Every structure is written in structure tokens, then in C-alpha cells.
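Q: Here's a structure for you.
Bear in mind that the values in this text are calculations on the coordinates, not laboratory data. This is a predicted model, so every value here is computed, not measured. Using ideal geometry, Cβ is built from the backbone for each residue, glycine included, and neighbour counts are taken over all protein chains shown.
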Amino acid sequence: MNKGMSDYEALPQVQQFKSRLFDHISVGDDIMEIGIGSGPNLKYYADKSIGKLMALEPNREFDEYIIQNVAKSNLQTKVDIVPGVAESIPKADNSVDVVVGTMVMCSVSSVKQSLAEVYRILKPGGRYIFIRSSSAGF
Ligand SMILES: C[S@@+](CC[C@H](N)C(=O)[O-])C[C@H]1O[C@@H](n2cnc3c(N)ncnc32)[C@H](O)[C@@H]1O
């Protein structure tokens, strides 16, 4: 997937759209990205002086790509790879500022349960930044 999605990620309209979307992240935000895959969004955090970045991913095959893409991203923050699924996020209630999920909800077994988990871990006033697969028709 790291290679397969690179044409999509390189499209100017995708990059512009993601840049605007990730502008909803503020300095110091603690972020949980669900279903991070190989980490195609890592570069969009690099200039934001974010707090913690937690990378939830059930598939351990992606770990080496996440590590490679962190190194390429100029991200100053340490990234914690968190094994797990969106239906049961191993994180306390009201504990993160932002949840990010791009093209993930098509993969989960329960969208309802996953969204309930997103809501549970977000602090009051927190933000959920997402791209649905079917809305990413660039
Ligand atoms: C289509 S890929 C999208 C990857 C990345 N977010 C992107 O935008 O390219 C779906 C990702 O969700 C992960 N995934 C599958 N089931 C999941 C679940 N139940 N909870 C969280 N992530 C899941 C997959 O391992 C994969 O990394």
C-alpha cells in the first residue's frame, strides 16, 4: 500500500485538500491517527509543532513503513505505534485533542462502535479529521 497509494498521494488536488484539512490541527495538539497504514499523512503534521502522535494500526506489516515515513517527514515529535483497532481504542476517555482517520472506516467491522470510540477519547471541543473512501474521489 505504501507504494500503491503514492500516485494518489502525489496528486496536487489531494495534497491541497489534505493541507487544508490538517490546518485544523493546532500547536501542542495530542493526536491519535486511527488506521494510519504506512503513514501517508505524517508529512502534514511536520510543520505544526504537535504534542504527542499516536499511530493506531492493527497490521504490524506497516510498522517498518511508518518508521521510514516518520524519518522522511521532518516530524520532530516521537510517534508511538499503538497496536489496536478503532472499535476499541486503547486510550482513556477525553484524552486527545484530535483524532485523524483517512480511508479507515471502510475497513472497520463496526463504523458505529468506531465513531463511539472516537467520541469517547476526544476531549470536549476536540476535532475528528477524516476522509471517507467514497468522498476521496480525486
Ligand atoms: C485503506 S487503508 C488507509 C490507510 C491510511 N489511513 C491512508 O489514508 O492511506 C485502511 C487502514 O486501516 C487499517 N485497519 C483495518 N481494520 C482496522 C480497524 N478495525 N481499526 C483501525 N484500523 C484498521 C488497515 O490496516 C489499513 O492500514
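Q: Determine the percent antiparallel among the DSSP beta bridges restricted to segment 27-131, to the nearest 5.
A: Working: 1 of 19 bridges.
Rounded to the nearest five, the antiparallel share is 5 percent.
Q: May I pose another question? Relative contact order for the chain: what percent, with Cα pairs under 8 Å and sequence separation of 6 or more?
A: Numbers: 237 pairs, mean separation 33.2, N = 138.
Value for the chain: 24 percent.
Q: Determine ³J(HN,Hα), in whole Hz, for all residues of segment 96-101 in sequence, where each value follows from phi through the Karplus function 6.51 cos²θ - 1.76 cosθ + 1.60 and θ = phi - 60°; x replaces Gly and Pro.
A: 10, 7, 9, 10, 10, x
Q: Taking amide H atoms as placed 1.01 Å from N in the peptide plane, list the residues 5 or more away in sequence, or in a different chain, whose amide H sits under 5 Å from that of Val82.
A: Counting only residues 5 or more places away or on other chains, the set is Ala55, Leu56, Glu57.
Q: What is the set of long-range amide H partners of Thr102 at a cut-off below 5 Å, with H atoms built 1.01 Å from backbone N?
A: Ile131
Q: Measuring from the lowest to the highest alpha carbon on each principal axis, how far does the chain reach, largest first, in angstroms?
A: 36, 32, 27
Q: Which residue, Val98, Val108, Val70, has the most motion in a Gaussian network model of the chain that connects Cα atoms within less than 10 Å?
A: For the chain, modelled as a Gaussian network with Cα springs under 10 Å, the answer is Val108.
Q: Running a GNM on the chain with Cα contacts under 10 Å, which residue among Val118, Val104, Val27 ends up with the highest mean-square fluctuation?
A: Of Val118, Val104, Val27, the most mobile in the Gaussian network model is Val27.
Q: Same structure again: Let me confirm the definition first: pairs of Lys residues in the chain, 8 or more apart or on different chains, C-alpha distance under 25 Å. How many are there?
A: 29
Q: If you don't mind, there's one more thing I want to ask. Relative contact order of segment 1-69, please, whole-number percent, based on alpha carbon pairs below 8 angstrom and at least 6 residues apart.
A: Details: 70 pairs, mean separation 24.2, N = 69.
Averaging sequence separation for qualifying contacts and normalising by length gives 35 percent for segment 1-69.
Q: Starting at the first residue of segment 27-43, write each ³J(HN,Hα) from the Karplus equation 6.51 cos²θ - 1.76 cosθ + 1.60 with θ = phi - 60°, in whole Hz, x for Gly and Pro.
A: The phi angles translate into 3, x, 4, 8, 10, 10, 9, 8, x, 5, x, 7, x, x, 8, 4, 5 Hz.
Q: Let me ask you something else. Among the trypsin sites (Lys or Arg not before Pro) in segment 1-84, which ones are in a DSSP loop with at most 16 other Cβ atoms within 10 Å of the Cβ? Mind listing them? Display every interim value, and only then the final one.
A: Values: sites: Lys3, Lys18, Arg20, Lys43, Lys48, Lys52, Arg60, Lys72, Lys78; in loops: Lys3, Lys48, Lys52, Lys78.
Taking segment 1-84 and a limit of 16 other Cβ atoms within 10 Å, the loop trypsin sites (Lys or Arg not before Pro) found are Lys3, Lys52, Lys78.
Q: For the chain, set up a Gaussian network in which alpha carbons nearer than 10 Å are linked by springs, and say which option among Glu64, Glu87, Glu117 fluctuates the most.
A: Of Glu64, Glu87, Glu117, the most mobile in the Gaussian network model is Glu64.
Q: In addition: Would you please give the residues with an amide H less than 5 Å from that of Arg127, counting only those at least 5 places away or on a separate chain, with H modeled from the backbone geometry?
A: Val98, Val99
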